[in-house]
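Derivation of every value follows stated rules applied to the coordinates shown; laboratory data play no part. Because the structure is predicted, anything quoted here is derived from the model rather than measured. Cβ: placed from backbone, ideal geometry, glycine included. Neighbour counts: every protein chain shown.
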Amino acid sequence: MTRINVHEARACLSDYVQKVKAGEAIILCDRNKPFAEIRSLASLEKPRDRREPGLMNGMYPAGPHFF
């Protein structure tokens, strides 16, 4: 993780954008005190496995009015 101050982020924003796109996380600081983390949204997305239909079949009773 890279730690940068706001002034440095403004001066070299395009360089840090490229690092974030590459998957690196950046900690944004104000006078060397961290207050935000910048990271790619792709790193937050997890592939979801598809569930098979009917996994809970018969676990909850449903009256005739349901059907």
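Only helices enter this figure: runs of n ≥ 4 DSSP H residues, each worth -39500 (n - 2.57), summed and divided by the residues of the chain, yield -6000 deg cm²/dmol at 222 nm to the nearest 500.
The chain: longest stretch without exposed trypsin sites (Lys or Arg not before Pro) (DSSP loop, at most 15 other Cβ within 10 Å), sites themselves excluded? My reading of the result: 1-30 is the longest stretch.
Work through the residues other than A36 whose Cβ is under 13 Å from its Cβ and net out their charges, Lys, Arg +1 and Asp, Glu -1. Intermediate results must be reported in sequence, preceding the final value.
Working: positive: R3, K33, R39; negative: D30, E37.
For residues surrounding A36, the net value is +1.
For the chain, taking Cα atoms only, Rg and Dmax work out to 22.9, 67 Å respectively.
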